[in-house]
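Asker: Structure incoming, see below.
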């Protein structure tokens, strides 16, 4: 089992009270008690931090006051204070530290932590907190250590290489923050034991081949059996695992995909 020594990174254990609320965590069940998402439930109680992903205060500098752990995400967040006095939580980039000052502006310097429209950035720039449409809020590149890379600019669109290896067209007037998300060592953590997954709200995953035919398409048979079908499928009959394509053929965003992501093992 391994972890991250947060005491060397975070600067406070107490979140900003005005930016926190209680919330009901998803248990994977609907209002009738039926399981709608498998392998979810339990876990430690959490406090919700109101992290700003709209990032709509333009041309007003802000300064980082704290670096904090957020149990609801893998990257670190920071309490920032704008020059007009407003406080917000933002997702920090990998080199951010207390006292740093950044700005959201079309004329901002192209340095990590500043936020600009994608069309203003140089090819090869790493970005996170990327919008998919103008003023639509950050949607892409929000997990610890994630970033997208600016590959090309053409016809009002910017080609971005996503963390999934997919290359996608994004409008040039969509905004993004320069850098990569903090806590890039998160992917090196070894959970180590089943109980630690339960603390995180992740319930056990039972193999389909270990089930009965009534419970899973791979179930049944005397002893260990092959799945008896060409492709592996989930309990719902959808293709799953082993590099199989599961994207809908007529998905609305197909026209923006320049190159599909590489499925299976990276």
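Asker: Among the residues in the stretch 113-126, are any assigned to a loop (DSSP other than H, G, I, E, B) and either in contact with a helix residue (DSSP H, G or I) (Cβ under 7 Å, 6 or more places away or on another chain) or closer than 24 Å to residue 251 by Cα (or both)?
Answerer: Taking the stretch 113-126 first, the residues assigned to a loop (DSSP other than H, G, I, E, B) are 113-114, 121-125.
Subset that is either in contact with a helix residue (DSSP H, G or I) (Cβ under 7 Å, 6 or more places away or on another chain) or closer than 24 Å to residue 251 by Cα (or both): none.
No, there is no match, as no residue in the stretch 113-126 is assigned to a loop (DSSP other than H, G, I, E, B) and either in contact with a helix residue (DSSP H, G or I) (Cβ under 7 Å, 6 or more places away or on another chain) or closer than 24 Å to residue 251 by Cα (or both).
Asker: Is the stretch 207-227 home to any residue that is touching a strand residue (DSSP E or B) at 6+ places or on another chain (Cβ under 6 Å), surrounded by 14 or more Cβ atoms within 10 Å (Cβ to Cβ) and either farther than 30 Å from residue 119 by Cα or modelled with pLDDT under 95 (or both)? It would help to see each step written out before you state the result.
Answerer: In the first step, residues of the stretch 207-227 are kept if they are touching a strand residue (DSSP E or B) at 6+ places or on another chain (Cβ under 6 Å); the result is 217.
This time we only want the ones that are surrounded by 14 or more Cβ atoms within 10 Å (Cβ to Cβ), so: 217.
Subsequent filtering for residues that are either farther than 30 Å from residue 119 by Cα or modelled with pLDDT under 95 (or both) retains 217.
Yes, the conditions are met somewhere in the stretch 207-227.
Asker: Identify, by number, the condition in (1) in contact with a strand residue (DSSP E or B) (Cβ under 6 Å, 6 or more places away or on another chain); (2) closer than 30 Å to residue 169 by Cα that residue 262 doesn't meet.
Answerer: Here residue 262 clears every test but (1).
Asker: So if I check each of 47, 19, which one is over 25 Å from residue 196 (Cβ atoms) and modelled with pLDDT of 95 or more?
Answerer: Details: 47 fails: over 25 Å from residue 196 (Cβ atoms).
Answer to the check: 19.
Asker: Separate question: So how many residues does the stretch 37-69 have that are under 15 Å from residue 201 (Cβ atoms) and surrounded by 13 or more Cβ atoms within 10 Å (Cβ to Cβ)? I'd like the intermediate steps shown before the answer.
Answerer: Of the residues in the stretch 37-69, the ones under 15 Å from residue 201 (Cβ atoms) are 37-48.
Next cut, surrounded by 13 or more Cβ atoms within 10 Å (Cβ to Cβ) only: 38-43, 46-48.
Number of matching residues: 9.
Asker: Restricting the stretch 72-88 to residues that are assigned to a loop (DSSP other than H, G, I, E, B) and either surrounded by 15 or more Cβ atoms within 10 Å (Cβ to Cβ) or without any contact (Cβ under 8 Å) to a residue 12 or more places away in the chain (or both), which is farthest from the chain's Cα centre (by Cα)?
Answerer: Filtering the stretch 72-88 down to residues assigned to a loop (DSSP other than H, G, I, E, B) leaves 72-76, 83-86.
Restricting the remaining residues to those that are either surrounded by 15 or more Cβ atoms within 10 Å (Cβ to Cβ) or without any contact (Cβ under 8 Å) to a residue 12 or more places away in the chain (or both) gives 73-76, 85.
Details: 73: 8, 74: 8, 75: 9, 76: 12, 85: 29 Å.
Looking at residues that are assigned to a loop (DSSP other than H, G, I, E, B) and either surrounded by 15 or more Cβ atoms within 10 Å (Cβ to Cβ) or without any contact (Cβ under 8 Å) to a residue 12 or more places away in the chain (or both), I get 85.
Each row is one residue, and each column tells you yes or no for (1) assigned to a loop (DSSP other than H, G, I, E, B); (2) farther than 24 Å from residue 195 by Cβ.
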site: 7; (1), (2): no, no
site: 13; (1), (2): yes, no
site: 24; (1), (2): yes, no
site: 27; (1), (2): yes, no
site: 31; (1), (2): yes, yes
site: 38; (1), (2): yes, no
site: 43; (1), (2): yes, no
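The values are calculated or read from the model by the stated rules, or taken from the named source; none is laboratory data. The structure presented is a predicted model; accordingly, all values stated were derived computationally and were not measured. Here Cβ is always computed from backbone atoms with ideal geometry, including for glycine, and neighbour counts include all displayed protein chains.
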